[in-house]
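The structure appears right after this line, and notes come after that.
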Amino acid sequence: MSLPQFRILQPLTLDEACRMLDEHGSESMIIAGGTDVIPNLQMRLFAPRVLIDIKPLRELAKIELSRDGLRIGAAATLTHALETPWLGEKFPVLSSAISTIAGPLQRNMGTIGGNLCLETRCRWYNQSKFWRQSLGGCLKKDGDICHVAPGGKFCWAAWSGDSAPAFLALGAEVEIASAAGTRRIPLEKFYKNDGKDRIALARNEILTAVHVTASMSGRRGVYHKLRVRDSIDYPLAGVAVAMDVDSTGVCRDARVALSAVNPAPMLVRAAAESLIGKKWSRELAEEIAHVAIRTGKPLTTSGSTPVYRRDMVRVFTRRALEEVWNSAQQSS
């Protein structure tokens, strides 16, 4: 599959990149690592006339820790994050999740911002142009029907990123820039839970960084992922857990987040209420696992069945909770 014709522009500053977006409007797209954008261009899922390359912008590639907390620039590569030693020590759920993304070559190219802005995926959408045309398109591209849920007008394409649930479990915020200025919003509000209109990012805006407050430093956490091939594939289900456990084994705060089983990465809201003030028990872990099942709503968007993916959400939630509590007890 060949690429469509386009021009590549390389701004020297973030301000220049924002001006380019304003100038070229809907005919332009941001590209950084290109590990998601280029395959999608080859499948003609979109065909911009201009690609604005922000990868060389050093101001967007920094990973910094201050008294205010963690700031990761959107153009920082996944490998850079993994090779930052204190990141895994202070925010283990992040390194756990990032280490599962694709393979080493893709992590060398892929960026944090790109992973947070991935296209949603569906077996009916992520196909060649010829394949899609033979089917009459779908609600997400060139059609008016969702083949996953033909009776409705909602796109169920699934969110398939790994870093987003980890950042959600840490209560992250994202920084967004445009020619009009910058703004910050909670990462949770960045995602719309709509397979077609997936993120709250206007055409003239750029995701520039993700922030995690200092209070989240040191939280124990882990990410578990279901995929067909462990070496490279997107998640079919993912569970991130981040917890603050005191020296007696009591949970002081906790967050559980899911990926790949909804059109957006999602927090399991009821999990914190059930976990805070409690000590580890198999019964409690099973209770939270069933709460997670009610949050995740996998449909036939991938090669795996919804029933299996839902059951693996339960298994992964239980395993992650046990792993986090065990690590807390071993260090106390």
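Every read-out reported here was derived from the displayed coordinates using simple, explicitly stated rules and does not represent laboratory data. Here the structure is a predicted model, which is why all the values come from computation and not from measurement. No Cβ is skipped: glycine too gets one built from the backbone with ideal geometry, and neighbour counts run over all protein chains shown.
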Checklist outcome for this item: Exposed chymotrypsin sites (Phe, Trp or Tyr not before Pro) being those in a DSSP loop with at most 16 other Cβ atoms within 10 Å, the longest stretch of the chain free of them is 155-332
Checklist entry - If you line up the Cα atoms of segment 1-78 on their principal axes, what length do they span on each, largest first, in Å? => result 47, 26, 17
Checklist entry - Relative contact order for segment 74-192 using alpha-carbon pairs under 8 Å, separation at least 6, rounded to a whole percent? => result 21
Item to check | Whole-Å semi-axes of segment 215-304's equivalent ellipsoid (Cα gyration tensor) | outcome: 26, 15, 11
Checklist outcome for this item: Per DSSP, the loop-located trypsin sites (Lys or Arg not before Pro) within segment 10-65 having at most 14 other beta carbons within 10 Å are ARG49, LYS62
Checklist entry - Which of the GluC sites (Glu not before Pro) across segment 82-122 are loop residues per DSSP, with 16 or fewer other Cβ within 10 Å? => result GLU83
Item to check | Where only alpha carbons of segment 1-133 are counted, the Rg and the Dmax (Å) | outcome: 16.4, 53
